[in-house]
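All remarks here apply to the structure that follows.
The values are calculated or read from the model by the stated rules, or taken from the named source; none is laboratory data. The structure presented is a predicted model; accordingly, all values stated were derived computationally and were not measured. Here the Cβ positions follow ideal geometry from the backbone for every residue, glycine too, while neighbour counts run over all protein chains shown. Remember, those area values only see protein heavy atoms, side chains included, never the ligands or the DNA or RNA. Shrake-Rupley method; radii C 1.70, N 1.55, O 1.52, S 1.80 Å.
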Amino acid sequence: MDVDSADNLYVADYSTHYVLKITPDGTLSIFAGDGTAGAPTPGPATDSAVDDPLGIAVDADDSLYVTDAVQHQVFKITSDGTLSIFAGTGVNGPLVEGPAGSSTFANPNGIAIDPAGIVYVGDQGRRQVARIDTLGDLTVYAGTGASAALLEGPATASPIGMPMGLETDSDGNLYFADAINNQVARIDTSGDLTIYAGDGTTGDAVPGPAADSPLTTPIELATDAYDRLYIADYQNRTVDRVTGTDRPEAPGTLVPDPGDGEFDVTFTPGDEGSAPVTGYEVSLDNCTTWDTLATVPGPGPTEIGTVTGLADGTYQVCVGAVSDVGDGEPSDMAQVQIGPSATVPGRPTGLHATAKNGGARLWWMPPASNGGSPVRGYQIDLHDSGQWVNLVISAAPHGERTAVLSGLRNGGTYKPRVRAVNGVGAGPASAMVTIKPHR
């Protein structure tokens with residue numbers, strides 16, 4: 001089966017020797033075949049015999065390519081219903097590299113077309129996969145002709161048990177189901193074969209890594225818009241799905257719109273990766289911890305999420321997408337201010353000191369306002385010189401702060417002042433006091 005650009009479905013009905021067309025509204029019609037078994041004849045497709053149609057693939061122009069396993073040919077039907085022979089002489093024989101119409105086939109079955117228009121045909125009888133380029137030239141793409149276990153490496157050096165369903169992805173990689181080896185192979189665009197699904201044993205499919213699961217006679221393949229591969233696991237009577245490993249890409253630049261205790265954030269989603277995005281998450285602490293973010297469609301391709309129940313303060317916001325593959329890359333951080341913007345703290349008050357041998361002890365009251373951001377510490381300037389250094393402080397009775405100064409010169413005169421520091425910066429200095437250390 002395959003569909004065209006208008007979502008018409010085409011079905012190969014080998015028992016009645018027809019190719020059927022089903023429109024999106026469910027209307028069925030005969031697209032090819034006159035109901036008799038025989039060699040396909042160029043001309044109107046409904047006037048031609050069709051013997052054993054098995055595989056169907058639709059190209060970018062909505063032309064159908066159909067494998068006929070009994071007639072050992074591939075025929076093409078254009079969208080206006082005209083049939084022509086695309087590949088095969090009609091004689092059972094080995095694949096012959098060169099013009100596809102001059103090559104023999106032996107029970108062609110699966111067929112697929114990649115984004116570049118290259119046609120791939122699984123030759124069931126010869127246990128090989130043929131590649132037919134846009135000029136109509138055929139080469140052997142996979143298989144040695146021997147029936148044995150699949151071998152990873154160059155596809156032409158690997159035996160194939162029995163190639164059945166074929167499919168391609170958006171990058172031009174080819175997949176084929178091997179019904180005897182109970183595996184699905186992937187051939188990349190450089191011609192290297194790897195085992196994509198199936199461990200070579202029979203049994204029920206097991207969720208998890210696809211290559212570690214049994215399969216039992218896989219016969220047909222299909223991909224979706226996310227290049228997820230679907231396997232018709234014939235003897236298990238299941239359809240198995242294999243998802244790729246690409247996580248969602250990071251959303252684009254965040255555009256926050258703060259309100260009273262909440263904010264909206266607009267962003268453009270990144271590429272979804274190997275599976276559809278199922279939701280979004282938001283972090284308020286620079287991508288450290290995450291919560292679910294409900295979103296609605298915004299203008300154009302954007303999404304809008306809303307975060308509520310926030311206290312006044314500054315938030316470092318990141319957004320990330322989630323899919324069945326996992327958590328996606330986070331966006332760049334955007335800072336969001338809820339409530340009044342934070343400023344530097346106010347001025348410490350009540351600074352007083354007691355001199356001692358080689359030092360002094362200071363006391364002061366914290367500023368009346370922290371500026372909307374917690375005070376992180378205090379600094380001191382000993383000589384009214386603008387040279388500020390951090391203080392080690394402790395709490396004192398009555399809410400005061402205190403610090404001990406050491407290493408001062410006895411008999412010297414010092415004029416310390418202190419200031420508070422928060423996340424925005426340093427606030428104004430306190431009043432100055434004068435101290436003279438002594439023995």
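Solvent-accessible area per residue for segment 323-403 at a 1.4 Å probe radius, Å²?
Each residue of segment 323-403 exposes 55 Å² on average to a 1.4 Å probe.
Per-residue HN-Hα couplings for segment 424-434, Karplus 6.51 cos²θ - 1.76 cosθ + 1.60 at θ = phi - 60°, whole Hz, x for Gly and Pro?
7, x, 8, x, x, 7, 6, 5, 8, 10, 10
Using the Karplus curve 6.51 cos²θ - 1.76 cosθ + 1.60 with θ = phi - 60°, work out ³J(HN,Hα) for each residue of segment 293-304 in order, rounded to whole Hz, and write x for Gly and Pro.
Those phi angles translate into 10, 6, 10, 10, x, x, x, x, x, 7, 10, 10 Hz.
Around TYR196, which amide H atoms from residues at least 5 apart in sequence, or from another chain, sit under 5 Å from its own amide H, with H modelled in the peptide plane?
Under 5 Å from the amide H of TYR196: VAL184, ALA185, ARG186.
Please work out how much accessible surface VAL296 shows to a 1.4 Å probe, ignoring ligands, DNA and RNA, in Å² rounded to 10.
For VAL296, solvent-accessible area is about 80 Å².
How big is segment 188-283 by the Kirkwood estimate over distinct Cα pairs, in Å?
16.4
Could you state the number of Å between the C-alpha centres of segment 257-271 and segment 165-237?
So the separation of the two Cα centres works out to 41 Å.
Long-range amide H contacts for PHE86: which residues qualify at under 5 Å (H placed 1.01 Å from N, peptide plane, sequence gap of 5 or more or a different chain)?
VAL74, PHE75, LYS76
With a cut-off of at most 16 other beta carbons within 10 Å, and DSSP calling the residue loop, which trypsin sites (Lys or Arg not before Pro) in segment 339-437 qualify? Please list them.
Listed in order of number, the matching sites are ARG376, ARG409.
Just need log10 I(q)/I(0) for segment 1-91 at q = 0.18, 0.22, 0.23, 0.25 Å⁻¹, Debye formula, equal scatterers on the alpha-carbon atoms, no solvent, rounded to two decimals.
-0.67, -1.01, -1.11, -1.32
Is the shape of segment 361-429 rounded, prolate or oblate, going by the alpha carbon gyration tensor and its root eigenvalues a ≥ b ≥ c, with a/c under 1.5 for rounded and a/b larger than b/c for prolate?
Note, shape of segment 361-429 comes out oblate.
Leaving out ligands, DNA and RNA but keeping every protein chain, what accessible area does SER385 have, in Å² rounded to the nearest 10, with a 1.4 Å probe?
Using a 1.4 Å probe on the heavy atoms, I get roughly 70 Å².
Compute the signed sum of charges (Lys and Arg +1, Asp and Glu -1) over the other residues within less than 12 Å, Cβ to Cβ, of LEU382.
Once positives and negatives cancel, what remains is +1.
Can you work out the accessible area per residue across segment 7-90, with the rest of the protein chains kept in place, probe 1.4 Å, in square angstrom?
41
If amide H atoms are built 1.01 Å from N in the plane of the peptide, which residues on other chains or at least 5 residues away come under 5 Å of the amide H of GLY55?
THR67
Take the Cα coordinates of segment 150-215, assign each an equal point scatterer, and use the Debye formula without solvent to give log10 I(q)/I(0) at q = 0.19 Å⁻¹.
Rounded to two decimals, the profile gives -0.68.
Can you give me the solvent accessible area of HIS383 with a 1.4 Å probe, rounded to the nearest 10 Å²?
Accessible surface of HIS383 is approximately 110 Å².
Over segment 1-157, what percent of the accessible surface lies on carbon and sulfur atoms, probe 1.4 Å? Please report the intermediate quantities before stating the final value.
Numbers: 3380 of 6520 Å².
Roughly 52 percent of what the probe reaches on segment 1-157 is carbon or sulfur.
With no solvent and one point per C-alpha, what does the Debye sum give as log10 I(q)/I(0) for segment 317-420 at q = 0.23 Å⁻¹?
Debye intensities relative to I(0), on a log10 scale: -1.25.
At 1.4 Å probe radius, can you tell me the per residue accessible area of segment 176-309 in Å²?
Using a 1.4 Å probe on heavy atoms only, each residue of segment 176-309 averages 50 Å².
For segment 113-129, take each phi angle, set θ = phi - 60°, evaluate the Karplus expression 6.51 cos²θ - 1.76 cosθ + 1.60, and give the result in whole Hz per residue in order, putting x for glycine and proline.
With coefficients 6.51, -1.76 and 1.60, one gets 10, 8, x, 8, x, 6, 9, 10, 10, x, 9, 4, x, 9, 6, 9, 10 Hz.
Using a 1.4 Å probe on the protein heavy atoms, what percent of the accessible area of segment 207-331 belongs to carbon and sulfur?
Summing carbon and sulfur atoms, their accessible area is 49 percent of the total for segment 207-331.
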